[in-house]
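Notes to accompany the following structure.
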Amino acid sequence: MREQVAEIREADLAHLESLWEAGLGQAYDFYRPGVEPRVALAAALVETAVGLQGLGGPAAAAGELLIGDLCLARASRLLADTGSQPLQVAFARAVERVSAEASGDRPLTPVRDLLGAAIGIAR
Amino acid sequence: MIGGRRLELSTRRGTEFIDITARLQAEVTAAGLSQGRVHVQSLHTTLGITVNENEPLLIGDLERMLERLVPRHGVYCHDDFARRVNIPADEPANGHAHARLLLLQPAHTALVEDGRLVLGQWQSIFAVELDGPRERRFAIQLEGEFGRPDRERDRDLVELELARQLLVDPESVQVPMRRLVEAGGKRLRPLLTVLASRLGPHHDPLRAAALAAAVELIHDASLVHDDYVDEAATRRGRATVSASEGPGRAIAVGDYYFAKATRIIAELGNPRVTSTIAEAMEAICISQIDDVNLRGYFPGDHDAYLRVVRGKTAALISASCLAGAQLAGAGSEVAGRLCRYGDLLGIAFQMADDLLDYSEHSGKPVGTDIRQRVVSLPLIYATEDGRVGGRVRELLGGPLDDPEVREVQALVHSSGALARVGEEARGLVAAAVRELDEIELNGVRPLLVDIARSAVDRVT
């Protein structure tokens with residue numbers, strides 16, 4: 001676990017450190033193989049945000065909503081840092097899709113599938 | 001050229017300075033003059049025109065100066081009716097007024113850029129009555145390029161782009177967001193983006209409109225989430241998304257438009273712009289968390305206030321300016337100054353917004369910040385006041401029902417905190433405008449100055 005955190009810059013987890021043990025770290029492990037750390041972290045943050053904000057389920061409390069917003073914003077910044085336009089577009093489309101499904105009371109497409117495909121597009 | 005116009009006014013005193021800036025601006029706007037000049041000429045020999053600062057004490061100084069230099073009761077041959085011929089029956093003794101006009105001008109030409117009078121920060125145009133009260137007239141001619149000012153075209157383009165972007169979205173997100181977008185709003189951020197985008201060699205109005213629309217969507221998405229967090233029932237006079245659609249949908253709508261705006265910006269293919277906006281979004285989120293956490297330490301202090309406001313409000317305003325400039329390939333000096341202009345303007349804008357919480361005429365519910373225990377500068381200053389600060393702190397430490405909120409408001413009013421905040425906001429606007437000095441702004445300066453001033457003038 002420490003090795004994984006070590007390859008992530010401190011600033012990239014700022015204000016979100018408590019999420020690591022609460023599932024962000026596991027999500028990071030899932031995306032990390034074959035993917036550079038900041039992209040894996042971006043994917044893990046998006047997945048965490050969707051869970052925290054309760055998309056497709058009961059609405060999150062205000063505190064979780066704001067932390068989820070920060071996860072999404074941090075993911076955007078990490079993707080901006082990569083300079084990869086296809087990756088930025090694909091991730092944005094994934095979030096658009098699940099949030100549109102949630103707002104339309106439709107079942108959510110699994111986020112891991114969408115993000116996995118997004119990472120694949122950019123490869 | 002448009003001629004034959006007359007500006008009429010009724011004066012009320014013997015010597016009187018009447019600010020006619022707004023009326024001249026109205027003439028320019030009504031005529032649709034976008035670039036050129038407006039000529040104003042007095043049609044009287046005892047009515048002058050001048051440019052100076054509209055500050056009441058200074059106006060008194062100027063009136064006394066006229067009296068000192070050319071006394072009302074001095075000796076003027078013009079007033080010796082026994083020596084004059086062909087005198088009308090109602091001829092007044094007004095030699096002093098004719099003489100005073102020598103110190104002023106009978107006419108003035110003002111420049112117009114982008115549909116606005118070009119005036120310095122403290123300049124106002126005055127009609128100067130020297131022999132009132134009377135009915136007076138100025139002749140006005142306007143010359144230059146007529147048509148819709150660039151600013152209106154820019155605004156229309158942004159509105160069209162927003163409508164176009166929303167049109168293709170699923171109904172479940174489109175309808176609530178369209179309700180919010182169509183309810184109005186100042187469009188401060190997209191307007192700044194479009195203006196800043198004119199300052200680089202690669203200015204492209206359509207790409208600028210796309211970026212501006214994305215910036216507005218980010219702002220609106222953050223409002224959707226804010227309203228849920230603050231449990232607000234109305235926004236821009238309509239039910240909030242959270243109140244009308246429920247919290248679950250409000251969260252999804254906000255997320256959708258955060259993501260969509262991010263995608264629009266990514267598709268512009270300018271990495272610097274993408275990074276600028278991404279960093280601003282991050283700053284907004286961090287400060288919102290900070291803001292909510294600080295509600296436990298209400299009302300906070302000046303440093304905490306600035307930290308929150310810089311992120312919550314100023315970050316996106318500043319990024320709007322910077323990203324617009326970056327999109328057009330503006331130089332680093334221009335981009336940097338616009339960024340600082342936006343930062344200062346954003347802080348001033350939030351201070352003015354704080355003052356709205358104490359204004360019965362703002363159209364916003366009064367006392368909301370107090371009830372929600374939002375970090376607000378008038379409250380911080382009121383708690384620092386030696387006379388009422390203790391009582392304000394005591395009230396803020398307990399339950400805040402209507403009587404307590406009313407008492408806090410009254411104490412804030414009596415403490416002078418509102419004047420102090422207004423003064424600080426105006427100082428920040430002046431600093432923001434100074435950032436625009438010494439850089440080439442391609443005719444955009446008057447608009448940027450106007451935006452900065454009106455951000456604070458709407459309240460103070």
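So the values come out like this:
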read-out: Region A:78-89: number of residues that are buried (at least 22 other Cβ atoms within 10 Å of the Cβ) and at the interface with another protein chain (Cβ under 8 Å from one of its Cβ atoms); value: 3
read-out: Test for residue B:329: is it modelled with pLDDT of 95 or more and assigned to a loop (DSSP other than H, G, I, E, B); value: yes
read-out: Among (1) in a helix (DSSP H, G or I); (2) of a type in the set (A, V, I, L, M); (3) within 14 Å of another protein chain (Cβ to nearest Cβ), the one test that residue B:232 misses; value: (1)
read-out: Condition broken by residue B:240, with the remaining ones in (1) out of contact with any strand residue (DSSP E or B) (no Cβ under 7 Å at 6 or more places or on another chain); (2) buried (at least 23 other Cβ atoms within 10 Å of the Cβ); (3) farther than 18 Å from residue B:373 by Cβ satisfied; value: (1)
read-out: Strands (runs of 3 or more DSSP E) wholly inside region B:97-150 that include at least 2 residues being at pLDDT below 95; value: B:107-113, B:135-146
read-out: Filter result (more than 7 Å from chain B (Cβ to nearest Cβ) and either more than 12 Å from residue A:46 (Cα to Cα) or of a type in the set (Lys, Arg) (or both)) within region A:90-105; value: A:90, A:97, A:101, A:105
read-out: Of all residues making up region B:258-283, the number that are within 7 Å of chain A (Cβ to nearest Cβ), of a type in the set (A, V, I, L, M) and in contact with a Gly (Cβ under 8 Å, 6 or more places away or on another chain); value: 0
read-out: In region B:17-37, the residues that are buried (at least 17 other Cβ atoms within 10 Å of the Cβ) and closer than 15 Å to residue B:126 by Cβ; value: B:17, B:18, B:20, B:23, B:24, B:25
read-out: Subset of region B:411-456 [over 26 Å from residue B:325 (Cα atoms) and acidic (Asp, Glu)]; value: B:423, B:424
read-out: Flag if residue B:188 is of a type in the set (A, V, I, L, M) and closer than 30 Å to residue B:344 by Cβ; value: yes
read-out: Of all residues making up region B:268-285, the number that are in contact (Cβ under 8 Å) with a residue 24 or more places away in the chain, in a helix (DSSP H, G or I) and more than 27 Å from the chain's Cα centre (by Cα); value: 1
read-out: Residues that are more than 7 Å from chain A (Cβ to nearest Cβ) and of a type in the set (Asp, Glu), drawn from region B:236-257; value: B:245
read-out: Selected residue (only one of A:66, A:72, A:41 is within 15 Å of the chain's Cα centre (by Cα), part of a helix (DSSP H, G or I) and either among the charged types (D, E, K, R) or more than 9 Å from every other protein chain (Cβ to nearest Cβ) (or both)); value: A:41
read-out: Condition check for residue A:73: in contact with a Phe, Trp or Tyr (Cβ under 8 Å, 6 or more places away or on another chain) and without any contact (Cβ under 8 Å) to a residue 40 or more places away in the chain; value: yes
read-out: Close pairs (8 angstrom Cβ cut-off, 6 or more residues apart or separate chains): under 9 Å from residue B:338 (Cα atoms) in region B:308-327, not in a helix (DSSP H, G or I) anywhere; value: B:325/B:199; B:325/B:200
read-out: Residue list for region A:48-62, restricted to those being within 7 Å of another protein chain (Cβ to nearest Cβ) and outside any loop (DSSP other than H, G, I, E, B); value: A:62
read-out: Verdict on residue B:304 being assigned to a helix (DSSP H, G or I), closer than 25 Å to residue B:426 by Cβ and in contact with a Gly (Cβ under 6 Å, 6 or more places away or on another chain); value: no
read-out: Residue within region B:190-205 that is away from chain A (no Cβ under 14 Å), hydroxyl-bearing (Ser, Thr, Tyr) and either surrounded by 22 or more Cβ atoms within 10 Å (Cβ to Cβ) or touching a Pro at 6+ places or on another chain (Cβ under 7 Å) (or both) present; value: yes
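The values are calculated or read from the model by the stated rules, or taken from the named source; none is laboratory data. The structure presented is a predicted model; accordingly, all values stated were derived computationally and were not measured. No Cβ is skipped: glycine too gets one built from the backbone with ideal geometry, and neighbour counts run over all protein chains shown.
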